[in-house]
Amino acid sequence: MVNTAQSAPSGLKSSAGKIVVSKDGPYIVSGNVPLAIQVITPNREGLSWDWKEGKNFETGQEYNLCRCGRSKTKPFCDGTHTKIRFDGTETATRRPYVRRAEVFEGPKLTLRDAEDLCAFARFCDPGGKIWGLIEQTDNPEARKLVIREANHCPAGRLVVTDNKTGKELEEKLPRSIGVVEDPALGCSGPLWVRGGITIESADGTPYELRNKVTLCRCGVSINKPFCNGSHASIKFKDGLVEFAKGTPAQ
């Protein structure tokens, strides 16, 4: 049995900072972790292409982030979860990423894909879907696109390795939390946890340490505490962005 609390790809070590998933309550963030809006920006075809940082929030050493989706002070918790009797039961698997990811081997690169982590950010599509491109990675342009698409995915669903070296081609991200906004889709997305921040279950057990994951903040994911793209189907809006204009609200 693998101890998932100690399992981390490429020797990733926990950064300063911690997120505790409280029972039927908010995410309790400690360690003075920076928090800012991260906007999915599309290309001319309307497909997800890049990230643009928006407003930085003032935070202290510790702060609570809404998990039920109903707070009036999003992204922060205002206690609404107690009034609506939010059921925040954690349902995510404890199996390590490498044990549940499907493997797609190409001539130069290998792609691993844990579909249950999909946050529906759609960065895997614009240059040609990554699952088809992986088969063309003897072509330098296709190789470049595969690496780009995997690195832009916020959820940690897609990991690319070099066949020759076995090295993961994943950019190490700064310790921070992004409040995802998706103007092209007209909704607000998950919390993008970056840089190896420890996430601890309500029962005190840490989840597998990852360079990046996305946490549900609309309240309806069936893979809690992680996002499964449900915010897109319910058109979750946090009031922080004017979607008609695609720019942060003043």
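Table for the structure above
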item	result
Computed [θ] at 222 nm, helices only, for the chain once each DSSP H run of length n ≥ 4 contributes -39500 (n - 2.57)	-2500 deg cm²/dmol
Structure-derived percent of Cα pairs over 34 Å apart - corresponding label in [x] 30; [y] 14; [z] 21	[y]
Under 18 Å from the Cα of K23 - lysines, other chains or at least 8 residues apart	K83, K224
Segment 74-166, relative contact order [Cα under 8 Å, separation at least 6], %	29
Taking the chain and dividing mean pair separation by its residue count, relative contact order in percent (alpha carbons under 8 Å, at least six apart)	24
Over segment 144-186, equivalent-ellipsoid semi-axes from the Cα gyration tensor in Å	24, 13, 7
Heavy atoms of W131: accessible area, 1.4 Å probe, square angstrom to 10	60
C227 accessible area, assembled protein chains, probe 1.4 Å, Å²	10
Segment 45-200 - accessible surface per residue (Å², probe 1.4 Å)	49
Carbon + sulfur, % of accessible area of segment 163-250 - ligands and nucleic acids excluded, 1.4 Å	52
Shape of segment 131-250, Cα gyration tensor, a/c cut at 1.5	oblate
With DNA, RNA and ligands ignored, accessible area of R148 (1.4 Å probe; Å², nearest 10)	60
Straight-distance crosslink candidates among aspartates and glutamates, where the alpha carbon sits under 19 Å from K144 and sequence neighbours closer than 8 are dropped	D50, E105, D113, D125, E135, D162, E168, E170, E171
Accessible surface, 1.4 Å probe, highest first, among residues C77, C187	C77, C187
Surface share of carbon and sulfur [accessible, 1.4 angstrom probe, percent] for segment 70-141	47
Antiparallel content of DSSP bridges confined to the chain, in %, to 5	85
For segment 124-131, 3J(HN,Hα) per residue [Karplus equation, 6.51 cos²θ - 1.76 cosθ + 1.60, θ = phi - 60°, Hz, x = Gly/Pro]	7, 10, x, x, x, 4, 4, 6
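The values are calculated or read from the model by the stated rules, or taken from the named source; none is laboratory data. Bear in mind that the values here come from a model prediction, so they are computed numbers and not experimental data. SASA here: full protein model, heavy atoms, side chains in, ligands and nucleic acids out. Shrake-Rupley method; radii C 1.70, N 1.55, O 1.52, S 1.80 Å.
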